[in-house]
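Report on the structure given below.
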Amino acid sequence: QLWRCFLDQSWPDKELVVVETYHDRPSEFFEHIAREDTRLKYIAIQCPVGEDLTVGAKRNLTIWMASGEYCVNFDDDDLYADKYVERMVTEMKKRSLVALTLSGWHNFFETRGCAGYSDPNSWDPEDKNEMDEILYGYGFSYVHLRVMALFYPYPNLGFAEDAPFMLKLREKTGRVGLMEDVEGLCLHIVHSTSSTPDPAIS
């Protein structure tokens, strides 16, 4: 699914960087693709059972291995429309941003078999800080200049590494933007093994 979303992107000059940690054996699928298609940079790292790299460390590895000007996060369990990269990068350029993320997005709740839309009207935060952590804290839709993430990398956290990264970019540059997805650019899949709780929907 991740590879299909990558192939379908209308953005012509692209590469996919995948960092996978494994205990027994790496992905045969990605090993095969990496031998056939140079657009895939596949890094497989064996870890002892019970040990793993943090999500923050893995995200930083993908950024170090990337060669492009823009980094676009693709979570492996979500669906991205073919114009996703084109629309997000174009919006960044238009607004002279260093980073962009969605402030409103479509969800599909796998266990309930229903869909719903999340946006600021859905949430009831205690204060502005909590609202900012929600608005800027969903890494599945992050797009940013690669150089900014080299200066300000993800924190070495196994969970909730997203918001500190994006809020740091906003603090340092003042040029991090939000965009509502009103056209179906991305479908955030929520399932029983999702790392975050079900997002509120309006």
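The values are calculated or read from the model by the stated rules, or taken from the named source; none is laboratory data. Given the structure is predicted, the values throughout are model-derived calculations rather than measurements. Here the Cβ positions follow ideal geometry from the backbone for every residue, glycine too, while neighbour counts run over all protein chains shown. The area values use the complete protein model at the heavy-atom level, side chains included, leaving out ligands, DNA and RNA. Shrake-Rupley method; radii C 1.70, N 1.55, O 1.52, S 1.80 Å.
Look at region 1-25 and say how many of its residues are in contact with a Phe, Trp or Tyr (Cβ under 8 Å, 6 or more places away or on another chain), crowded, with 17+ Cβ neighbours inside 10 Å and within 22 Å of residue 49 (Cα to Cα).
1
Just to be sure before I move on: is residue 84 hydroxyl-bearing (Ser, Thr, Tyr), in contact (Cβ under 8 Å) with a residue 12 or more places away in the chain and open to solvent by 10 Å² or more (accessible area, probe 1.4 Å) in the structure I sent? Give the derivation first.
Values: hydroxyl-bearing (Ser, Thr, Tyr): yes; in contact (Cβ under 8 Å) with a residue 12 or more places away in the chain: yes; open to solvent by 10 Å² or more (accessible area, probe 1.4 Å): no.
No; evaluated as a whole, the condition is false for this residue.
List the pairs whose first member sits in region 168-186 and is within 18 Å of residue 133 (Cβ to Cβ), whose second member is part of a helix (DSSP H, G or I) and open to solvent by 50 Å² or more (accessible area, probe 1.4 Å), and whose Cβ atoms are under 7 Å apart, counting only residues at least 6 apart or on separate chains?
Once the first residue is within 18 Å of residue 133 (Cβ to Cβ) and sits in region 168-186, its partners that are part of a helix (DSSP H, G or I) and open to solvent by 50 Å² or more (accessible area, probe 1.4 Å) give 176/170; 177/95.
Residues in region 29-44: is at least one among the small types (Gly, Ala, Ser), surrounded by 12 or more Cβ atoms within 10 Å (Cβ to Cβ) and within 20 Å of the chain's Cα centre (by Cα)? Spell out how you get there, then give the answer.
Of region 29-44, the ones among the small types (Gly, Ala, Ser) are 34, 44.
Going one step further and asking which of them are surrounded by 12 or more Cβ atoms within 10 Å (Cβ to Cβ), we end up with 34, 44.
This time we only want the ones that are within 20 Å of the chain's Cα centre (by Cα), so: 44.
Yes, that holds for at least one residue.
What's the number of the condition residue 57 fails, among (1) free of Cβ contacts under 8 Å to residues at least 60 places away in the same chain; (2) within 22 Å of the chain's Cα centre (by Cα); (3) over 16 Å from residue 75 (Cβ atoms)?
Result: residue 57 passes all but (1).
Only strands (runs of 3 or more DSSP E) wholly contained in region 95-202 count here; list those with 3 or more residues that are surrounded by fewer than 20 Cβ atoms within 10 Å (Cβ to Cβ), of a type outside the set (S, T, N, Q) and over 17 Å from the mean Cα position of the chain (by Cα). Reasoning before the result, please.
Working: elements: 99-109, 114-118, 143-145, 176-180, 186-190.
Ranges flagged: 114-118.
Restricting to region 72-117, name every residue that is small (Gly, Ala, Ser) and under 17 Å from residue 145 (Cβ atoms). Step through it out loud before you land on a result.
Restricting attention to region 72-117, the residues satisfying the condition of being small (Gly, Ala, Ser) are 81, 96, 99, 103-104, 113, 115-116.
Across region 72-117, the qualifying residues are 96, 99.
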